[in-house]
Amino acid sequence: MTQVAATVSALLGMPPPAQAKGEPIEDIVSDLKGARRVALLALDAFGTYAWGLWRGEMPFLDSLHTRRSITLRSVMPSITPVNFATMVTGTDLEGHRIETFDHDFACETLFDVVRRAGGQSAGVGLTGFTGTKLLGRHADIDGDGGEPISDDADDGVADKIIEIVEAYQPEFLIAQLGKTDDVFHREGPSSPAVVPMLRETDVRMKKLVEYLQARGYGIVVLADHGQHDIEGAPEGQMKGTHGTDSPKDVLVPCTWIS
Ligand SMILES: [Zn+2]
């Protein structure tokens, strides 16, 4: 995860954030070279564990990963604000000090780098989620995709991304698609009950990727962390969780589209 920020900087032809620890991911840089803009689309909590179980239900994402696929490792703790903060700084909790989405960055971010170069950035997510509360708050454009009221609420995030790109064409855009995390918590990542949401996610991602691709964006699809099932969870209680250093929580798939 610490390599993402330097990768975005390299694609934009800008220096990495000052405290970035990770080096650029060469495969992504060479494939997406020449992209004038970069979009990071993060499917919250969609780690390699759930991906391995359900990729057969997601023909679009499966086709992307068949071409280009790597595994990233979340930083600890494997929770949302910490890892989104790592994506935009290249450093871990010790460096960025973002433990909750209400915190302020203790170091330079991609938003700062892009701003200094005269460009614009956007952070997008559902109301009350890290995408807006942390990323949107620090980016030039705060994209609120609406309340997380239903399992297809990320349609609002996709619509907001399109609206922002139409209006501003920001050089850097980062989006949190948050319903994967919500539904995995509720059902458990291995439950077949997550499949309808994942099928909708696949359709949404196809629309979004094709839209961004047509507008000159280099696109990276990743996740902030994974989830594991809570064994023997009582009825009506949370069936999936994350935060540990187990492979199910820290390994996430990543693909990219030029
Ligand atoms: Zn998350």
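The values are calculated or read from the model by the stated rules, or taken from the named source; none is laboratory data. Here the structure is a predicted model, which is why all the values come from computation and not from measurement. Ideal geometry is used to build each Cβ from the backbone, glycine not excepted, and the neighbour counts take in all protein chains shown.
Search the stretch 219-249 for residues being within 14 Å of the chain's Cα centre (by Cα) and over 20 Å from residue 186 (Cβ atoms), and hand back the single one that is farthest from the ligand (Cβ to nearest atom). Restricting to residues being within 14 Å of the chain's Cα centre (by Cα) and over 20 Å from residue 186 (Cβ atoms), the top hit is 219.
Here residue 37 passes the criteria (1) surrounded by fewer than 20 Cβ atoms within 10 Å (Cβ to Cβ); (2) of a type in the set (Lys, Arg); (3) in contact with a Leu (Cβ under 8 Å, 6 or more places away or on another chain) except the one numbered (1).
Taken over the stretch 160-197, the residue count meeting the criterion of being more than 16 Å from the ligand (Cβ to nearest atom) and of a type in the set (A, V, I, L, M, F, W, C) is 9. Taking (1) in contact with a strand residue (DSSP E or B) (Cβ under 7 Å, 6 or more places away or on another chain); (2) outside any loop (DSSP other than H, G, I, E, B) in turn, residue 113 satisfies each apart from (1). For the stretch 232-258, the candidate set comprises residues that are aliphatic (A, V, I, L, M) and over 19 Å from residue 82 (Cβ atoms); within that set, the residue that is modelled with the lowest pLDDT is 233.
Residue under question is residue 71, and the condition is that it be within 16 Å of the ligand (Cβ to nearest atom) and touching a residue at least 60 places away in the same chain (Cβ under 8 Å); does it hold? So residue 71 fails the test. For residue 131, the test of being closer than 14 Å to residue 84 by Cβ, modelled with pLDDT of 95 or more and either assigned to a strand (DSSP E or B) or not polar (S, T, N, Q) (or both) is passed.
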